[in-house]
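What follows is a set of notes on a single structure, which appears directly below.
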Amino acid sequence: MTRVIDVSRPLAADTACWPGDTPFSFRLAWRIADGASVNVGAVGTSVHTATHCDAPFHYDDAGPTVDRIPPETFLGPCWVADVRGAPRWRSRLEELDFTDTPRVLFRTGGWPDTTRFPDRVPVMEPDLPAWLAEQGVVLIGVDLPSVDELDSKTLDNHHALGRSGITIVEGLWLDGVPAGRYEFVGLPLRLVGADGSPLRAVLVAER
């Protein structure tokens with residue numbers, strides 16, 4: 001028996017986006033109530049709103065776009081690590097075996113209200129990306145809008161993860177998810193030339 005846990009944030013009119021970025025919107029362009037044969041919706045949004053992945057092209061003009069990231073990166077075993085209150089996130093990882101579980105999602109609790117963009121967020125220590133790469137990690141996720149400080153202009157953690165070949169997922173919803181091992185499923189849309197994509201991210205757990 002398996003249990004599916006939705007770890008994606010809702011996309012709605014009140015979903016907070018990066019200040020100055022394109023907020024999420026949905027409208028019905030055709031309506032049955034107005035005489036159309038079907039309801040047809042149209043969506044407008046930044047690809048970095050709510051739960052999403054960053055393609056390397058997001059922070060590096062020479063980096064791959066989202067359609068060039070292998071889809072298997074976003075599918076497979078992962079660890080959820082609870083790093084709330086940890087001054088160094090690595091301290092919550094050192095006993096984990098990444099041999100067959102090359103993904104890790106960090107529960108920080110740093111974005112508790114999806115309708116409000118946080119003023120500050122916790123961030124990983126600068127040497128963690130290289131250590132994760134040594135363990136064979138291919139994807140990390142955070143329950144935050146960014147893996148860097150919100151006012152960062154250099155995006156040091158983005159670049160360090162990119163140099164290590166580690167794909168970035170941001171905006172997860174991990175409240176109530178215990179630390180442990182899960183199957184992660186969070187495929188991006190095949191948006192040609194895009195710098196990121198929304199994800200519907202779920203964890204699959206054995207009961």
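How many residues, within the range 38-54, are open to solvent by 40 Å² or more (accessible area, probe 1.4 Å) and not in a strand (DSSP E or B)?
Counting residues in the range 38-54 that are open to solvent by 40 Å² or more (accessible area, probe 1.4 Å) and not in a strand (DSSP E or B) gives 3.
Where the second residue is surrounded by 15 or more Cβ atoms within 10 Å (Cβ to Cβ) and the first is hydroxyl-bearing (Ser, Thr, Tyr) and lies in the range 112-137, which pairs have Cβ atoms under 9 Å and are six or more apart or on separate chains?
Filtered contacts from the range 112-137: Thr114/Arg9; Thr114/Thr15; Thr114/Ala16; Thr114/Ala50; Thr114/Gly171; Thr114/Trp173; Thr115/Thr15; Thr115/Ala16.
Cβ contacts < 6 Å: first residue within 12 Å of Val7 (Cα to Cα), restricted to the range 181-207; second residue among the polar types (S, T, N, Q) and crowded, with 21+ Cβ neighbours inside 10 Å, any location; separation 6+ or different chain. Result?
Correct list of pairs: Leu199/Thr51; Ala201/Thr51.
Could you go through the range 8-21 and let me know if any residue there is modelled with pLDDT of 95 or more and in a strand (DSSP E or B).
There is at least one residue in the range 8-21 that is modelled with pLDDT of 95 or more and in a strand (DSSP E or B).
Given the conditions (1) in contact with a strand residue (DSSP E or B) (Cβ under 7 Å, 6 or more places away or on another chain); (2) aliphatic (A, V, I, L, M); (3) open to solvent by 30 Å² or more (accessible area, probe 1.4 Å), which single one is not true for Ala133?
All conditions are met except number (1).
Would you point out the residue of the range 55-74, among those that are outside any helix (DSSP H, G or I) and under 25 Å from Thr15 (Cβ atoms), that is least open to solvent (accessible area, probe 1.4 Å)?
Taking the candidates together, the pick is Ala55.
Can you tell which of Asp195, Asp148, Asp143 is crowded, with 16+ Cβ neighbours inside 10 Å and more than 15 Å from Cys53 (Cβ to Cβ)? Working first, answer last.
Values: Asp195 fails: more than 15 Å from Cys53 (Cβ to Cβ); Asp143 fails: more than 15 Å from Cys53 (Cβ to Cβ).
Answer to the check: Asp148.
Of the residues in the range 166-186, how many are part of a loop (DSSP other than H, G, I, E, B) and either open to solvent by less than 30 Å² (accessible area, probe 1.4 Å) or in contact with a Leu (Cβ under 7 Å, 6 or more places away or on another chain) (or both)?
Residues in the range 166-186 being part of a loop (DSSP other than H, G, I, E, B) and either open to solvent by less than 30 Å² (accessible area, probe 1.4 Å) or in contact with a Leu (Cβ under 7 Å, 6 or more places away or on another chain) (or both): 5 in total.
If you check every pair at least six apart or on different chains, which have Cβ atoms under 7 Å apart with a residue in the range 32-51 that is farther than 25 Å from Ala201 by Cα first and a residue that is at pLDDT 95 or above and in a strand (DSSP E or B) second?
Ala36/Trp30; Val38/Trp30; Asn39/Leu28; Asn39/Trp30
The values are calculated or read from the model by the stated rules, or taken from the named source; none is laboratory data. Since the model is a prediction, treat every value here as computed from it, not as a measurement. For neighbour counting, all protein chains shown are included, and Cβ atoms are generated from backbone atoms with ideal geometry for every residue, glycine included. Remember, those area values only see protein heavy atoms, side chains included, never the ligands or the DNA or RNA. Shrake-Rupley method; radii C 1.70, N 1.55, O 1.52, S 1.80 Å.
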